[in-house]
Every structure is written in structure tokens, then in C-alpha cells.
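Asker: Pasting in a structure now, in C-alpha cells, and then I'll have a few things to ask.
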Amino acid sequence: MQDSGTLINPMMVEGQVHGGVAHGIGNAILEWMGFDESAQPVTTTFADYLLPSAMEVPSIKTLFKQTPSPLNPLGAKGAGEGGTVPAAAAIISAIEDALAPFGVRIAQTPITPQKLVELIGDGVRC
């Protein structure tokens, strides 16, 4: 449920919400920013720094509640970022639940496939 106040352009708001969810997915499982011992970035291309694509982002149905803001004449509010944190939290929780028999606890994101294999092998906290 997204409350963006009065929707000036519903299609744009929906796109913002979908982008926020995609960003949350990336935060949870893909977007790792690496640095070398000199603090120089090592993930400098899209081959190294992974972003969610259509394959990783599910179909999203957005429900809107329009409660106009009293703080501006249009009644508009912010949009999009509301899906970022809950998407990442839901994914990490689902992974932990699925891997509970292995004693896996995740304390850091992104949880890459390589890190998952390590955690399953170790059965320890990330």
C-alpha cells in the first residue's frame, strides 16, 4: 500500500514504486560495492556491480491510498522509496527462513550466491 497523497501522474508514481522495490531487491541480493586495500572501488562496471533486471524483479501490483497532504496546495507526498526497505527485509527474512535448518543468520547485505554457499557450509552468522 502506497500513500503518495494526491496522485498528479499515477503512471509515474507507479513507476517510482516499482523502482523502489527493484532497488530493495538489489540491496538484498546483488548490489555489492567492493574496494581494494587502497580504498579504490573494484566494482566499477555493470559486469562487476550487479543490478536487478527483469529476471530478478517479479510482477508488482501497487495499491494506492490517496490521503492528500495538508502541507502543500496539490496535496502531493513523496513516492517510490517506500518499497526499498521492506523488499530487502522480506527477501533476507525469506532466505533465513529457508536456510534455518543450516543455522544461517544474515547480518549483512547483499547476500550473494557465493556468500550463501559459505553460510550454509559454516552454519554461522554472516
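Asker: Residue pairs, Cβ under 8 Å, 6 or more apart or interchain, first in region 92-120 and touching a residue at least 24 places away in the same chain (Cβ under 8 Å), second open to solvent by 60 Å² or more (accessible area, probe 1.4 Å) and assigned to a loop (DSSP other than H, G, I, E, B). List them.
Answerer: Close Cβ pairs satisfying both conditions: Ile92/Thr109; Pro110/Trp32; Thr112/Trp32.
Asker: Of the conditions (1) outside any loop (DSSP other than H, G, I, E, B); (2) open to solvent by 30 Å² or more (accessible area, probe 1.4 Å); (3) in contact (Cβ under 8 Å) with a residue 60 or more places away in the chain, Ala87 clears all except one; give me its number.
Answerer: Here Ala87 meets the rest and fails (2).
Asker: Right, another one. If you take the residues in region 22-66 that are aliphatic (A, V, I, L, M) and closer than 19 Å to Met11 by Cβ, which one is least open to solvent (accessible area, probe 1.4 Å)?
Answerer: Result: Ala22.
Asker: Among the aliphatic types (A, V, I, L, M) and within 30 Å of Pro10 (Cβ to Cβ), is that true of Leu119?
Answerer: In short, no.
Asker: Of all residues in region 90-126 being polar (S, T, N, Q) and in a helix (DSSP H, G or I), which is farthest from the chain's Cα centre (by Cα)?
Answerer: So, considering only residues that are polar (S, T, N, Q) and in a helix (DSSP H, G or I), the one farthest from the chain's Cα centre (by Cα) is Gln114.
Asker: Which of the residues spanning region 86-110 are in contact with a Leu (Cβ under 8 Å, 6 or more places away or on another chain) and closer than 15 Å to Asn27 by Cα?
Answerer: If the condition is that a residue be in contact with a Leu (Cβ under 8 Å, 6 or more places away or on another chain) and closer than 15 Å to Asn27 by Cα, then Ile95, Ile106, Pro110 are the ones that fit.
The values are calculated or read from the model by the stated rules, or taken from the named source; none is laboratory data. Predicted, not measured: the structure shown is a model, and the values here were computed from it. Please note: Cβ atoms are built from the backbone with ideal geometry, for glycine as well, and neighbour counts cover all protein chains shown. Heads up: the accessible areas ignore ligands, DNA and RNA and are worked out on the full protein's heavy atoms, side chains in. Shrake-Rupley method; radii C 1.70, N 1.55, O 1.52, S 1.80 Å.
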